[in-house]
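In what follows, a structure is listed as structure tokens, so that the remarks can point back to it.
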Amino acid sequence: MNAFLRKTAVRLVMAALAVGLIFGVWNLVIFAFDLKSYALPTPQDSVATIYDRWSTYQPLLLQTIKETVDGFLIGAAIGFALGVAMSASKIVQRLIYPALITSQAVPVVAVAAPLAILLGFGLVTKLVIVAWWVFFPVVVNVLDGLARVDRDLLNLARVMGAKRTRTFLAIQLPATLSPLFSGLKIGATYAVTAAVIGEWVASLQYGLGTYLNTAAASLDTRGVMGATILLTMIGITLFLIVTAIGVVATPWERRSTARRGIRSLFVNDRKGARRWFGSLPAD
Amino acid sequence: MVRFASRRLTLALAAATALTATVVTAAWASSASHASASRSKGLTTVRVVFDWPGIDFEAVPLTVGTARGLYKKAGLDVRIVIPPSTSTTVQMIAAGKGDIGFDTTTDVVFGQAAGIDVRSIANYSQDNNWGLVAKPGAKIDIKKIKGKSIGIFTDSWTKAMMPYVLKAGGVTASQVKQPIFSSDDIAPLLAGKIDLATNTLNYAIAQVQSATGKRPSVLLATKFGAPNVPVWVYTGMNSWLKGHGAQARAFLSATRKAFAWSIAHPSAAVKDYLEAYPKIGGGLKYSLDGWKATIPALGAQSSLLTQRASQWKQVVHALKAVGVLSKSFAPSKYFTNAYLKG
């Protein structure tokens, strides 16, 4: 426990140092380029602005968090489902993969107007844009994870008579977890930028993205940087939450624990002995 | 563990040192390149920062001035600089990345409030050509806007003008839908997704005509009580103007001639513009429609570019009324006609 606390304390100190380093470089840039506050305010001023205008920022923050999180979850779900479907069928993969790559090469901003016309100016357009950015790293990583599953293990399961669904749930699904969380972490950092672009496209509700524009239009750089810091914090928080869930979901990456899926392949027979499930006689 | 932590710390310090060196080198390189700009082929370079992140037909007088040799005769090499966003022109001239700005009047007022010593040296337009836009053939009745959706932008001009729309319509902000757009509200209008768009009429007319071949229905904001003040002005930093007064005068003198020529010969002027920017989107029809729709807002030949103290009073009043302006000054702080003389 002491070791755990010490490790956590070191990590927190390092994180605080990293934030201090970013703020230091930020101040250094202002000093080196002789930037005035109308070009780039100091981090201290920007943080103070958040405090001063909290009542303005709060509803905007909640709106952008909603767009970011909902879009992220939708994108992650679509990405995972597509990854699994493409892995299950080579035809589906060959049909969909080029389309997915093309979808990522298309600048979202260019299709933003038709999207808004098609889907309206409410939440749906923003969710589509966030999901659009999030799903791709998830698909690629899930697909990659499924392609790297130990062939011998799959063959063994097949030889032992395991059904396709059981093999998927017990062997393939757990194997996607590590790459899935890598994809989700990338998606988490993209999601907030996508939400801002979604708000810029067309919006009935003000969020931090629209606030960025209105503040910039009146040369309110402190307001802009205050909103930027809050947007950054949304991205970092989402990243940390995904990382924490990933740590809990993949314990074998940190200690010598077998994957739950593989453990579940072994079941107790009628005499209580631990046996490979494929070798059990049919009831 | 201590050794491990100190190794991390060393790495972090090394990264910080590398970053510092990069920043200082970049700062030195930036100032060196800025100092080496300015004179080429015996002409003095004047960098005009545009108001939008893409060039459009409002640059016609500048390209005509270059194409017809008006700037060359004045000893100038005028170059148009495109800003990265719609609200960075003032910041760019303040940072020395341009000499003259092409801004909205509200940008000057906000710039002064933010402590930027920027000043308007000439009007681009004389009238407020901002208003409500509807599909071709549709009728705009300001008294019947309750419940309608009106597309708006996040810029300060829209913010200053919308209260006049609401007041004339006898409604509050919550009684109309106001979807916010960043770049274009005409496409949603034509698609029937909003009832009315807000825009300056030269852009609205050009866009609708190039999309439908018909003129949109428009209602100028001045028809329902908004002040008739210019939307765009040419600006400079007081510090630059003090040291480059002769260049500012030469620029405005040649620009005034370019305006007069472009008004008298719209088609040829737009061809000059398209020769300078052949890869621009929209083509001849869009740019010509846009320029022709801009001309009425430029005012009479005799008053081209000339500013009025009253226009600045009205802009400040409108921004204060909306509650977006914290600090205001006397009109003389915002403008000068001194560089239009001689």
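Looking across the stretch B:150-165, the residues that are of a type outside the set (A, V, I, L, M, F, W, C) and closer than 13 Å to B:Val133 by Cβ come down to B:Gly151, B:Thr158. Number of residues in the stretch B:274-289 that are over 15 Å from B:Gly213 (Cβ atoms) and either at pLDDT below 90 or of a type outside the set (D, E, K, R) (or both): the value is 8. It is to be established whether one or more residues within the stretch B:107-123 are farther than 30 Å from B:Ile80 by Cβ and either at the interface with chain A (Cβ under 10 Å from one of its Cβ atoms) or without any contact (Cβ under 8 Å) to a residue 12 or more places away in the chain (or both). No, every residue in the stretch B:107-123 fails to be farther than 30 Å from B:Ile80 by Cβ and either at the interface with chain A (Cβ under 10 Å from one of its Cβ atoms) or without any contact (Cβ under 8 Å) to a residue 12 or more places away in the chain (or both). Filtering the stretch A:76-93 for residues that are over 22 Å from A:Ala188 (Cβ atoms), out of contact with any helix residue (DSSP H, G or I) (no Cβ under 7 Å at 6 or more places or on another chain), assigned by TED's automatic domain parsing to the domain that holds A:Val149 and not in a helix (DSSP H, G or I) leaves a non-empty set.
Suppose we filter B:Ala74, B:Ala95 for residues that are of a type in the set (A, V, I, L, M, F, W, C) and at pLDDT 95 or above; which single one remains? I'd like the intermediate steps shown before the answer.
On the way: B:Ala95 fails: at pLDDT 95 or above.
So the residue among B:Ala74, B:Ala95 that is of a type in the set (A, V, I, L, M, F, W, C) and at pLDDT 95 or above is B:Ala74.
Scanning the stretch B:270-312 for residues that are over 19 Å from B:Ala122 (Cα atoms) and assigned to a loop (DSSP other than H, G, I, E, B) returns B:Tyr277, B:Pro278, B:Lys279, B:Ile280, B:Gly281, B:Gly282.
Going by the conditions given, is A:Thr49 crowded, with 16+ Cβ neighbours inside 10 Å, assigned by TED's automatic domain parsing to the domain that holds A:Val224 and in contact with a Gly (Cβ under 7 Å, 6 or more places away or on another chain)? Step through it out loud before you land on a result.
On the way: crowded, with 16+ Cβ neighbours inside 10 Å: yes; assigned by TED's automatic domain parsing to the domain that holds A:Val224: yes; in contact with a Gly (Cβ under 7 Å, 6 or more places away or on another chain): yes.
For A:Thr49, the condition - crowded, with 16+ Cβ neighbours inside 10 Å, assigned by TED's automatic domain parsing to the domain that holds A:Val224 and in contact with a Gly (Cβ under 7 Å, 6 or more places away or on another chain) - is met.
Right, B:Asn238: over 30 Å from A:Val196 (Cβ atoms) and touching a Lys or Arg at 6+ places or on another chain (Cβ under 6 Å) or not?
Values: over 30 Å from A:Val196 (Cβ atoms): yes; touching a Lys or Arg at 6+ places or on another chain (Cβ under 6 Å): yes.
Here the answer is yes, as B:Asn238 does meet what is asked.
Within the stretch A:38-58, restricting attention to residues that are in a loop (DSSP other than H, G, I, E, B) and within 20 Å of A:Leu231 (Cβ to Cβ), the residue that is nearest to the other protein chains (Cβ to nearest Cβ) is A:Ala39. Selection within the stretch A:181-214: residues that are assigned to a helix (DSSP H, G or I) and of a type in the set (Ser, Thr, Tyr). The member of this set that is surrounded by the most Cβ atoms within 10 Å (Cβ to Cβ) is A:Tyr211. Yes or no: the stretch A:186-199 includes at least one residue that is among the acidic types (Asp, Glu) and more than 21 Å from the chain's Cα centre (by Cα). Looking through the stretch A:186-199, none of the residues is among the acidic types (Asp, Glu) and more than 21 Å from the chain's Cα centre (by Cα). Summed over the stretch B:184-209, residues that are small (Gly, Ala, Ser) and either buried (at least 17 other Cβ atoms within 10 Å of the Cβ) or not assigned by TED's automatic domain parsing to the domain that holds B:Trp157 (or both) total 4. For the residues A:Gly278, A:Gly198, A:Gly235, the requirement of being among the small types (Gly, Ala, Ser), at pLDDT 95 or above and touching a helix residue (DSSP H, G or I) at 6+ places or on another chain (Cβ under 8 Å) singles out A:Gly235.
When the stretch A:152-167 is filtered for residues that are in a helix (DSSP H, G or I) and crowded, with 20+ Cβ neighbours inside 10 Å, the ones remaining, listed by number, are A:Ala157, A:Thr167. Considering every residue within the stretch B:325-339, establish whether at least one is surrounded by 14 or more Cβ atoms within 10 Å (Cβ to Cβ), among the basic types (Lys, Arg) and in contact (Cβ under 8 Å) with a residue 60 or more places away in the chain. The answer is yes, given that some residue of the stretch B:325-339 is surrounded by 14 or more Cβ atoms within 10 Å (Cβ to Cβ), among the basic types (Lys, Arg) and in contact (Cβ under 8 Å) with a residue 60 or more places away in the chain. Somewhere in the stretch A:14-34, is a residue among the charged types (D, E, K, R) and either loosely packed, with under 13 Cβ neighbours inside 10 Å or within 12 Å of chain B (Cβ to nearest Cβ) (or both)? Within the stretch A:14-34, one or more residues are among the charged types (D, E, K, R) and either loosely packed, with under 13 Cβ neighbours inside 10 Å or within 12 Å of chain B (Cβ to nearest Cβ) (or both).
The helices (runs of 4 or more DSSP H) found entirely in the stretch B:61-152 that carry 1 or more residues being within 18 Å of the chain's Cα centre (by Cα) are B:89-94, B:105-113. Taking the stretch A:215-238 as the range and being of a type in the set (Gly, Ala, Ser) and either buried (at least 22 other Cβ atoms within 10 Å of the Cβ) or within 16 Å of A:Asp52 (Cα to Cα) (or both) as the test, the residues that pass are A:Ala215, A:Ala217, A:Ser218, A:Gly223, A:Gly226, A:Ala227.
Quick check on the stretch A:186-240: of everything there that is more than 14 Å from every other protein chain (Cβ to nearest Cβ) and of a type in the set (S, T, N, Q), which residue is farthest from B:Thr89 (Cα to Cα)? In this case the residue turns out to be A:Thr237.
The values are calculated or read from the model by the stated rules, or taken from the named source; none is laboratory data. A quick note: this is a predicted structure, and the numbers were derived from the prediction, not measured. As a convention, Cβ positions derive from the backbone with ideal geometry for all residues, glycine included, and neighbour counts pool all protein chains shown.
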